[in-house]
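The values are calculated or read from the model by the stated rules, or taken from the named source; none is laboratory data. Just so it is clear, the structure is predicted and the values come from calculations on it, not from any experiment. With ideal geometry, Cβ positions are generated from the backbone for all residues, glycine too; neighbour counts draw on all protein chains shown. The area values use the complete protein model at the heavy-atom level, side chains included, leaving out ligands, DNA and RNA. Shrake-Rupley method; radii C 1.70, N 1.55, O 1.52, S 1.80 Å.
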Amino acid sequence: MTLSPVWHPFTQHALEPAMKRIARTEGAYLYDEQGHAILDAISSWWVITHGHRHPLIMAAIRNACETYDQIIFAEYTHEPAEELARGLVAIAPTGLDHVFYSDSGSTCVEVALKMALGFFHNSGAPRSRIAVMEHGYHGDTVGTMSAGERGVFNAAYEPMLFGVDRLPFPEPGHEQDTLDAFETFCRSGQVAALLIEPLVLGAGGMRMYPASLLTELKAVATRHGSLMIADEVMTGWGRTGSLFACEQANIRPDILCTSKGLTGGSLPLAATLCSAEIFDAHLSTDRSRTLFHSSSYTANPIACAAALANLAAWKTEPVMTRIRALEAKHRIRLERFRRDPRFGNVRQTGTIVALDVNVPASGYLSDAGPKLRAFFRERNLLIRPLGNVIYLMTPYCVTTDDLDRSYDAIDEAADIFVGDR
Ligand SMILES: *Cc1c(COP(=O)(O)O)cnc(C)c1O
């Protein structure tokens with residue numbers, strides 16, 4: 001094959017095997033050019049919720065193409081964006097009344113940060129700090145990298161990153177330390193917002209913490225007049241067992257970010273929802289109080305139509321029933337790993353499951369990750385461990401047989417390292 005000019009994301013081309021070409025997608029599968037069905041056990045980087053090429057969503061995209069392409073979104077608006085905004089406000093936690101569109105998880109978090117800073121700036125009491133949780137991930141733009149965990153991923157860019165207040169991750173039994181740290185940071189009076197992934201920290205290793213902690217963090221924020229930004233880019237759209245993870249903590253964040261599953265994973269789109277207080281702080285005859293943000297493809301009508309079809313699927317199909325069934329199947333199949341000494345920290349939140357393979361050297365750059373990935377790839381399973389953390393986050397249409405196959409492969413995979421221990 002001739003050398004491709006494509007530079008792939010998070011890919012060390014000097015070490016990677018040749019990229020596998022995908023010819024077609026359907027349901028829980030990617031089909032390669034030879035016709036092999038590859039189980040997409042990580043939902044193509046967590047975006048595909050119902051399944052690939054959901055019929056309602058595909059039809060909505062085809063229809064939208066008959067009438068729209070991109071339309072400038074300042075001075076002009078369109079029905080798909082209007083209807084979607086009303087739909088999102090109706091299903092999001094109450095009190096999130098305004099919707100700002102963008103086109104990726106990173107950008108909707110950047111917008112959230114600007115909303116938070118803008119809120120305090122426009123209120124005449126500027127605040128300069130953002131609090132985040134250790135091991136958090138919020139995207140790969142400079143602002144979201146600043147808020148995320150620092151490591152080998154962003155070492156080269158460190159000189160450009162701004163400082164944030166980091167709360168220790170609430171390891172079991174140490175939840176109070178997280179709350180105390182937040183309380184201490186808040187006492188400075190400078191914390192504009194706590195930016196947090198509710199219930200599950202995704203790219204940071206599928207680390208899970210209880211909803212009660214999120215409830216308590218919100219209480220601390222409220223007490224100090226700090227905002228809470230819920231980064232639901234991964235956790236939204238049923239992944240954690242509720243439509244949004246925040247529901248389980250019974251909280252109303254001040255700002256909520258959604259992207260990946262918003263269009264069922266079919267097209268790029270993102271939305272930042274915020275409270276009336278935040279919108280109102282920007283509402284003024286003084287132009288300097290404007291929320292100065294836009295991306296060219298803001299509220300792309302075809303993407304909005306795909307998202308509307310996703311909302312329709314949630315209303316007309318038993319999506320929550322599928323999620324409950326999937327949760328239950330995972331729970332049963334995870335059980336045998338809990339007593340297996342080759343694994344540790346077996347965990348589940350809704351449809352997301354993860355377990356650590358006990359290897360001599362853990363961490364993202366340990367060669368456990370690539371070895372495991374190759375092992376699964378040979379078996380036509382798309383499973384990409386985060387270092388030694390194996391996780392599954394399948395589309396909701398996955399079959400019981402395919403789950404069995406995945407768990408059997410995970411069971412076998414741990415033996416790769418037997419000689420190393
Ligand atoms: C994936 C992710 C992002 C970034 O989304 P992109 O669309 O890749 O920019 C932000 N936050 C969380 C929690 C994510 O999982």
Problem - Residue satisfying all of: in segment 292-304; open to solvent by less than 40 Å² (accessible area, probe 1.4 Å) and part of a loop (DSSP other than H, G, I, E, B); farthest from Ala192 (Cα to Cα) among these - result: Asn300
Exercise for the section: May I ask you to say which residue of Thr67, Thr107 is closer than 30 Å to Leu194 by Cβ and among the hydroxyl-bearing types (Ser, Thr, Tyr)? Expected result: Thr107
Practice task
Give me a count of the residues in segment 91-113 that are buried (at least 21 other Cβ atoms within 10 Å of the Cβ) and assigned to a loop (DSSP other than H, G, I, E, B).
Solution key: 2
Practice task
Output yes when any residue across segment 4-14 is closer than 24 Å to Gly264 by Cβ, touching an Asp or Glu at 6+ places or on another chain (Cβ under 7 Å) and either open to solvent by 70 Å² or more (accessible area, probe 1.4 Å) or not hydroxyl-bearing (Ser, Thr, Tyr) (or both), and no when none is.
Solution key: no
Practice task
Read through the list (1) part of a helix (DSSP H, G or I); (2) closer than 19 Å to Lys260 by Cα; (3) open to solvent by less than 20 Å² (accessible area, probe 1.4 Å), then give the number of the only condition that Ala116 fails.
Solution key: (2)
Exercise for the section: Kindly indicate whether Ala125 is more than 13 Å from the ligand (Cβ to nearest atom) and out of contact with any Asp or Glu (no Cβ under 6 Å at 6 or more places or on another chain). Expected result: yes
Handout entry: Unique match (being open to solvent by 40 Å² or more (accessible area, probe 1.4 Å) and of a type in the set (Ser, Thr, Tyr)) among Ser188, Ser259, Ser226
Key = Ser188
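Out of all the residues in segment 270-290, which are of a type in the set (Ser, Thr, Tyr) and open to solvent by 70 Å² or more (accessible area, probe 1.4 Å)?
Correct list: Thr285, Ser288.
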Fill in the blank from the handout: Pairing a residue in segment 144-159 that is within 16 Å of the ligand (Cβ to nearest atom) with any residue that is among the aromatic types (Phe, Trp, Tyr), where Cβ atoms lie under 6 Å and the two sit 6 or more apart in sequence or on different chains, gives Ser146/Phe162; Gly148/Tyr137
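Looking at this structure, is Glu232 within 22 Å of Leu88 (Cα to Cα), within 11 Å of the ligand (Cβ to nearest atom) and open to solvent by 10 Å² or more (accessible area, probe 1.4 Å)?
Here the answer is no, as Glu232 does not meet what is asked.
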Problem - Residue in segment 46-90 that is farthest from the ligand (Cβ to nearest atom), counting only those that are outside any helix (DSSP H, G or I), buried (at least 18 other Cβ atoms within 10 Å of the Cβ) and among the hydrophobic types (A, V, I, L, M, F, W, C) - result: Phe73
Problem - Selection status of Ile332, among the β-branched types (Val, Ile, Thr), at pLDDT 95 or above and buried (at least 18 other Cβ atoms within 10 Å of the Cβ) - result: no
Exercise for the section: Select, from Ser212, Ser242, Ser266, the only residue that is more than 11 Å from the chain's Cα centre (by Cα), open to solvent by 20 Å² or more (accessible area, probe 1.4 Å), more than 10 Å from the ligand (Cβ to nearest atom) and under 30 Å from Met58 (Cβ atoms). Expected result: Ser266
Handout entry: Per-region count, segment 25-45, residues under 15 Å from Thr400 (Cα atoms) and assigned to a loop (DSSP other than H, G, I, E, B)
Key = 2
